[in-house]
Each structure stands twice: as C-alpha cells, then as structure tokens.
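Okay, structure first, notes after.
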Amino acid sequence: MPATSGCSNRLQSALFRLICVALACAFCVDRVVADEKPRFVDLSLLVSPEYPCTWPDGFPTFRIDHALRIGPDSAYNIEILTIDGNTGTQLDVPPHSVALPKYNLPNSGKFGDAFIDQTPAWQFGGEACVIDCRDQRDAAENGYSSLITRDKVRGWEKQHRRLRFGDVVLFHSGYSDRYYRPLPAGRRFIAEPVERKAPGWPDPDPDCMEFLASRKVMTLGTDSPSMGPLPDLAEPTHYAGLKYGMIWTEGATGLGQLPATGAFYCMMGPKHKGGPYGEGRAFAIVGDPLAKRLIDSCRAKRTVDLSVTLSVDYPLTWPGRGVGRHRHRYTKADFLYAPNLKLYHHTHIMDSQAGTHLVPPAYALPETEIEVNTYAPAVRGWLEEYERRFGPRGISNVTTEKVPISQTCGRARVIDVTHLVGSTKSADWPASPVITPTVIKAYEAKHGKLLPGDIAIFRTGHVDQHFRPFPAGTACMADPLNGKSEGWPALGPEAVMYLADQGVRCAATDGPTLGGVDRRLALMTYWALGSRGMVGVEFLANLHNVPEGAHFLFAAVKINHCHGGPGRAIALF
C-alpha cells in the first residue's frame, strides 16, 4: 500500500506540473495572439479586361484606356476608366431592388433612396461570420443554384454563437476562388451558368434573408458573382434583404483565409451619387486588439465618412491650367431602363484619379529607366534639380493593384495646416503654401512623434470650403491653377523625405492633390513619394470630424495596371 500511494502521489504531482505548464502555454498563446501584429487579408477580385469582371448579359464591359504615358507630353501616367458598378468585387445597396417611396410601386420602401452616397460608414464593416457552404458548390443542375437556407445559418449558430447586429455574414463556397479565371476559361464564372451550361453558384433563398433580418444583420457578403440564386430567385432574394436596409458584397474571394468569427471585415467603394450598386474593395483584418476595436466601432456606429461624392455637377477631375489640358471629366452614362425601379442602370467614364483616390508610386515614376530626353525640356531641368537635391528619382512598377491594403490603413494623425492658408502673395500665383518638415515637427511636439504605420493626414480645409457644384466649383481647382486664387496647402518634397524617415508610408490630404498647383513643386513631391515607396490618398473631406486616436481606412478598387485608383476613405474611433 505505501508503495502504491507514493506512486500515486508522484503521478498526481507530475499531472499537476503538466497542467500548470499547459495553462502557462495557453496563457502565452493568448498573449501572442492578443499582441500579434494585425494581418490584412485582401478579399477582392482583380479588375481587368482579361477577366470576367463585368456582368456579361448586356452590361458595358470594363475598359482601361492608358491615355498618357510618361514622356514629352506628360510627366505622369494617366488612365481613363469605363467602369460599371457591377464590376469585380461589388457592393449592392437597397435601391438595387427597392424603389423610391414616392413611386408607390409594389417594391417601393423606406430604403428606396438609400443609394451608395447615403450608406452610413458604420455599415461597411463589422465582425466577419464565415458560413462554410463549400459542400453546396456545384451541387445543383446546370443553370440552377444550390440554395442556402435558414437551417444552414442555424447550424452555424449552434456551432459558434447567435448572430447579432454588427455582424457581417459571409457565405463561403469557394466559387470565385475556383472559377474566376482569365477569359475564355473565365466564362465558367458567370456566362456558362447563365447559359445553363454549368451549375450555378450557391446563394441564400428569400426565407434565409428574412431569418437574417430577424437577427438584425445589416451587412452580408458572398464569394458568388451575385447574391441572387439562378435561375429565378435572384430578384426575390435581393428584395427580401434589401427592403430591410441591408447591404452586401458580391464577388468576394479568399474567404477561406478568415476564422469563423473574430475578424474585422470591410467593404467599400467610390461614393457615386445615386448609385444603386458600385464597384468596391473588400478586405479583412485578423488579430486583436485592432480587429476587435474596429468591430466595436462599427457596432457602436462610431465612424466618419471622409470621401467626396462623385457627381457630374462637381469638380472631381484635374482641370489643367489654361484650355485643353484637362483630364477626362467624371461622366455618368445611362443604359438599360429598369421599370420596376423607374431608373436606368448606369456606368461611369472617368479619370482614374477622380474624387477620393489613391496615388501609387508608378503614377510619376517610369516602370523602367528612360532617357532623360524623353521628358519635355522643362521637366528635364526639374529632374536634374531634384536628383541634385534628393538623389535618384528611381523607377517603379507599383500600380494600384500592387499597393497592399495595409499601407493605406493605420492610426490617423491629422495634422492641421489651415494656418498656412493665405500665406502666399497674389503676385506669385499660381502657388500653394508649402508644408515643410518644420510644420510636421511642430505637430509632433504637441501630439507625439509620428510612428511607422501611421497615416499622415493633412487638414487644409480646402475641399470642405470649395467643393461645390459648378459654376462655384471652379474655386476648388480651376481658379487656383489659373492664378485667380491661392492654391491649397501642398506637401513639399522635403516633408515627404521627413515622413519617410519616420516610417510613414502613406500621406493623405483634404486638398485635391498632395502636390498643389505649382507644376515643378508638385512633380518633385510625387517623385519623392514614389522614390521612397510611399503612396498618397487625395481629395478627402470632413477631417475636422476625426477625433484623436481614430483609425483611418482607405481602399481603392483593385484595377490591374492602374496608376490611380478611385476608392473610399472612412475613420473609425
């Protein structure tokens, strides 16, 4: 007995030690996860003419026209986009299927005027709740969709938790992962199912939408090309959810990279006036505490929309100095009248830097080394001066689709430069007040040093004051460019170099551009940004509403080989 008792005690002691070690390891794992650097996951399809990125049944196809390339006629790479809202990874809002209340149609409802420009910023994000539907991919007959029912969602709830307000329900079938391919193989993505030559994509039925509405879920997503089951439930399913004010992502991809719960999901795109749907960018952030913080902000509706509205009546596109030097104006083109909504579908034709947009390094840097003589004579002189002062201009092939989402998201450091307004002399116009390192250092002395990963955002107040419908809208860009008024405060190349030395990789402004109205200074600013691997976000608004400690999110549409990038910016706090 004593021998047996001693053995038992030793076993108990060893077991106790093992339990302690296990608990300590578990605690360490929790600490590692909690302190883990956030992981950004891009969930968007590549928009390119070579891919099936546009709805093929009668909608205008996506086009990217490389209007100007760096050379004697331009110091920048410039494109014109023709892009329909049903392109690539896209966002549906209620007016896609809900008619305006004033029409008194059978599908009229209170959310019939909740177009993309009216969608509240909090609704773009939330906690990703990923429902695995891979068993339903290709499970139906040709031309038919396998239906995701409320029972599927209830099964997920039994395994995880009850769905609630602030959740983003994501249906993951792996459909886009498998079938979004360059054409002609890419016809399997949409065209062949519509032609009933292949099984359709899995999607929820109308009853499933009613169930989600009962859970107060307001944001959904699918990696199918549409939230509508084939062949005849697309519109009933859309209306069943959109009538409650829901919005959703169509054409997401890579959802299998996310955990079932806990990741922050966001989907947003250009702020088209009167848009019932729109092209966009979906992404997720995995890893606390950031993911949880952003989820909580959206649940509590603590968000600020920082984007300008895209409308043909507003000054959205670079007008150039004088006559005949303007970029393509933002244009809305109607087609295909929808009698159930009493509105036309429409596409947009616009400069790739219209409205709130991204400036990638390749905007002002050539992809390969070019002869200096390729530039216009004046630009050659500016380049010699730039390289004498700041070093080689460099080259870059980093276009919009190659800029990681993580580079345009981070802690918002809003630097007020409104005190510079009015500091130039009218005799020197066109001219912009220059933001120097001294200005940035003065901000740091009051608010703390800029840190790697921070987004340096310069509040000029210019867009808030001068972004107006034409003809008053000429005060935004045309008048300053032509010397009729002072330009907006602009970032100088010295300030860019200072930011880069602090580890800042993205600079933003509520001016129309970071470079301002002086051609020489602007080009040097963009050369400095590109040479240091930095990107810009331009044409923001409402920066006065961003509180200290807010987190800045910007995402541009993932357009292949694009040197601009229309997108959306928001702040969460």
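Using the structure shown, decide if residue 405 is within 19 Å of residue 525 (Cα to Cα) and among the aliphatic types (A, V, I, L, M). Judged against the criteria, residue 405 is not a match.
Exactly one residue out of 440, 395, 435 is assigned by TED's automatic domain parsing to the domain that holds residue 514, touching a residue at least 12 places away in the same chain (Cβ under 8 Å) and within 25 Å of residue 316 (Cα to Cα): that is 435. Annotation: of all residues in segment 244-278 being touching a Lys or Arg at 6+ places or on another chain (Cβ under 9 Å) and among the charged types (D, E, K, R), the one that is surrounded by the fewest Cβ atoms within 10 Å (Cβ to Cβ) is 273. Only one of the listed residues (412, 445) is outside any strand (DSSP E or B) and either more than 26 Å from the chain's Cα centre (by Cα) or in the same structural domain as residue 542 (by TED's automatic domain parsing) (or both). That residue is 445.
Can you confirm whether residue 420 is surrounded by 20 or more Cβ atoms within 10 Å (Cβ to Cβ) and farther than 18 Å from residue 514 by Cα? Considered against the rule, which asks whether it is surrounded by 20 or more Cβ atoms within 10 Å (Cβ to Cβ) and farther than 18 Å from residue 514 by Cα, residue 420 comes out as no. In this structure, residue 228 does not qualify as in the same structural domain as residue 128 (by TED's automatic domain parsing), in contact (Cβ under 8 Å) with a residue 24 or more places away in the chain and either outside any loop (DSSP other than H, G, I, E, B) or surrounded by fewer than 16 Cβ atoms within 10 Å (Cβ to Cβ) (or both). Within segment 142-172, the set of residues being of a type in the set (A, V, I, L, M, F, W, C) and closer than 23 Å to residue 257 by Cβ comprises 148, 153, 156, 163, 168, 169, 170, 171. Of everything in segment 112-156, what is of a type in the set (A, V, I, L, M, F, W, C), in contact with a helix residue (DSSP H, G or I) (Cβ under 8 Å, 6 or more places away or on another chain) and part of a loop (DSSP other than H, G, I, E, B)? Give them in sequence order. Once the filter is applied, which keeps residues that are of a type in the set (A, V, I, L, M, F, W, C), in contact with a helix residue (DSSP H, G or I) (Cβ under 8 Å, 6 or more places away or on another chain) and part of a loop (DSSP other than H, G, I, E, B), segment 112-156 yields 114, 115, 133.
Among the strands (runs of 3 or more DSSP E) confined to segment 61-111, the ones with at least 3 residues that are aliphatic (A, V, I, L, M) and surrounded by fewer than 21 Cβ atoms within 10 Å (Cβ to Cβ) are located at 63-68. When you go through 430, 480, 471 one by one, which is the residue that is more than 30 Å from residue 264 (Cα to Cα) and touching a helix residue (DSSP H, G or I) at 6+ places or on another chain (Cβ under 8 Å)? That would be 430, the only listed residue that is more than 30 Å from residue 264 (Cα to Cα) and touching a helix residue (DSSP H, G or I) at 6+ places or on another chain (Cβ under 8 Å).
Residues checked against (1) closer than 26 Å to residue 537 by Cα; (2) among the aromatic types (Phe, Trp, Tyr); (3) more than 17 Å from the chain's Cα centre (by Cα):
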{"residue": "241", "(1), (2), (3)": "no, no, yes"}
{"residue": "247", "(1), (2), (3)": "yes, no, no"}
{"residue": "261", "(1), (2), (3)": "no, no, yes"}
{"residue": "275", "(1), (2), (3)": "yes, no, no"}
{"residue": "280", "(1), (2), (3)": "yes, no, no"}
{"residue": "326", "(1), (2), (3)": "yes, no, yes"}
{"residue": "334", "(1), (2), (3)": "no, no, yes"}
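Once segment 348-369 is narrowed to residues that are in a loop (DSSP other than H, G, I, E, B) and among the hydroxyl-bearing types (Ser, Thr, Tyr), the residue that is surrounded by the fewest Cβ atoms within 10 Å (Cβ to Cβ) is 368. Candidates are the residues of segment 41-59 that are touching a Phe, Trp or Tyr at 6+ places or on another chain (Cβ under 7 Å) and of a type outside the set (Ser, Thr, Tyr); the one that is farthest from residue 399 (Cα to Cα) is 52. The set of residues in segment 550-569 being in a strand (DSSP E or B) and surrounded by 24 or more Cβ atoms within 10 Å (Cβ to Cβ) consists of 552, 553, 554, 555, 556, 559, 566, 567, 568, 569.
Could you say whether any residue in segment 308-330 is among the aromatic types (Phe, Trp, Tyr), farther than 20 Å from residue 510 by Cα and either in a strand (DSSP E or B) or in contact with a Gly (Cβ under 8 Å, 6 or more places away or on another chain) (or both)? No; the residues of segment 308-330 include none that is among the aromatic types (Phe, Trp, Tyr), farther than 20 Å from residue 510 by Cα and either in a strand (DSSP E or B) or in contact with a Gly (Cβ under 8 Å, 6 or more places away or on another chain) (or both).
Against the test of being under 16 Å from residue 93 (Cα atoms) and among the β-branched types (Val, Ile, Thr), the options 222, 303, 253, 317 yield a single qualifying residue, 222. Residues considered: 480, 493, 469. Of these, the only one that is surrounded by 24 or more Cβ atoms within 10 Å (Cβ to Cβ) and either modelled with pLDDT under 95 or more than 23 Å from the chain's Cα centre (by Cα) (or both) is 480.
Residues in segment 506-521 that are on the phi < 0 side of the Ramachandran plot and buried (at least 23 other Cβ atoms within 10 Å of the Cβ): 11 in all.
The values are calculated or read from the model by the stated rules, or taken from the named source; none is laboratory data. Remember, predicted model here, so these are calculated numbers, not experimental data. Using ideal geometry, Cβ is built from the backbone for each residue, glycine included, and neighbour counts are taken over all protein chains shown.
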